[in-house]
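Peer 1: Below is one structure. I have some questions about it.
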């Protein structure tokens, strides 16, 4: 009932008005969520360059999340929002191999709109996702995404068994690699800090022969969205060393994206570990 009411309001207001309301509400979200605020600031302290203010950018992250949430409740595909694909030829070459495509995606911009536009372009899209907004809303939101061409699969063994069949049909599988819904992870250094990235995308590519293709979505100054495909990450074989190497390469491909789109990265948990102790520090001596 509440989801239906909120969705009806989101669809009824003009797009610009909805964005303004979302930005106002996002300030309340920021003020009333100290744990999230601290986590965002911690991540930004790692990502920001040239003396950018993490407190000011923290507000931008919450405002961008408000815009995303408004679009998500209005959509998932919002026709009024301009959307562009960059380097579409990279995706076409990947699909031409007829082994399926694994899209390694970040929580930037609005992935749901990108997925819906991919489906409209004739590329069937599947994504693995856990609870969406609220547990009681997840099933209904999944139905809406399915109507927009995005089939949502819950995390777990059953979904993992279904993934090779999806890729064998030469369809696209989106895996959000900066989330915390994964069973296995590889420790590496990203942006000068220790992180853990899921090895699932590389393991699945090795298992199926699918193309592992990092991509991201960004929100442009004109109010539209752009999705950009990056170069393929090669997985040479099934060995642990090859999986680790591919996972690290996937992280390097997306590292610059995190720096460039820090204010659009919608992660509300601390992502980076503490920096390693310097030589001669008390921790090092201990």
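All of the numbers you see were taken from the coordinates with simple rules; none came from a lab. Note that this is a predicted model, so its numbers are computed, not measured. Don't worry about glycine lacking a Cβ; one is built from the backbone with ideal geometry, like all the others, and counts go over all protein chains shown.
Peer 1: Hey, among 183, 270, 219, 193, which residue is surrounded by 13 or more Cβ atoms within 10 Å (Cβ to Cβ) and over 22 Å from residue 63 (Cβ atoms)?
Peer 2: It is 193.
Peer 1: Right, here's the next one. Between a first residue in the range 77-94 that is at positive phi and a second residue that is surrounded by 19 or more Cβ atoms within 10 Å (Cβ to Cβ), which pairs have beta carbons less than 7 Å apart while being 6 or more apart in sequence or on different chains?
Peer 2: Pairs that qualify, where the first residue is at positive phi and the partner is surrounded by 19 or more Cβ atoms within 10 Å (Cβ to Cβ), are 87/229.
Peer 1: In the range 271-284, is there at least one residue being touching a residue at least 60 places away in the same chain (Cβ under 8 Å), in contact with a strand residue (DSSP E or B) (Cβ under 7 Å, 6 or more places away or on another chain) and closer than 20 Å to residue 110 by Cα?
Peer 2: Checking the range 271-284: at least one residue is touching a residue at least 60 places away in the same chain (Cβ under 8 Å), in contact with a strand residue (DSSP E or B) (Cβ under 7 Å, 6 or more places away or on another chain) and closer than 20 Å to residue 110 by Cα.
Peer 1: Here is a further query. Return a yes/no flag: does the range 234-247 have any residue that is surrounded by 17 or more Cβ atoms within 10 Å (Cβ to Cβ), out of contact with any strand residue (DSSP E or B) (no Cβ under 7 Å at 6 or more places or on another chain) and over 20 Å from residue 164 (Cβ atoms).
Peer 2: Within the range 234-247, one or more residues are surrounded by 17 or more Cβ atoms within 10 Å (Cβ to Cβ), out of contact with any strand residue (DSSP E or B) (no Cβ under 7 Å at 6 or more places or on another chain) and over 20 Å from residue 164 (Cβ atoms).
Peer 1: Go through the range 95-119 and give me each residue that's part of a helix (DSSP H, G or I) and either touching a residue at least 24 places away in the same chain (Cβ under 8 Å) or in contact with a strand residue (DSSP E or B) (Cβ under 6 Å, 6 or more places away or on another chain) (or both).
Peer 2: Answer for the range 95-119, where residues must be part of a helix (DSSP H, G or I) and either touching a residue at least 24 places away in the same chain (Cβ under 8 Å) or in contact with a strand residue (DSSP E or B) (Cβ under 6 Å, 6 or more places away or on another chain) (or both): 95, 111, 112, 113, 114, 115, 116, 117, 118, 119.
Listed here are the residues, each with its yes/no results for (1) buried (at least 20 other Cβ atoms within 10 Å of the Cβ); (2) in a helix (DSSP H, G or I); (3) touching a residue at least 40 places away in the same chain (Cβ under 8 Å); (4) over 23 Å from the mean Cα position of the chain (by Cα).
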| residue | (1), (2), (3), (4) |
| --- | --- |
| 4 | no, yes, no, yes |
| 20 | no, yes, no, yes |
| 41 | no, yes, no, no |
| 44 | yes, yes, yes, no |
| 49 | no, no, yes, no |
| 60 | no, yes, yes, no |
| 66 | yes, yes, yes, no |
| 73 | yes, yes, yes, no |
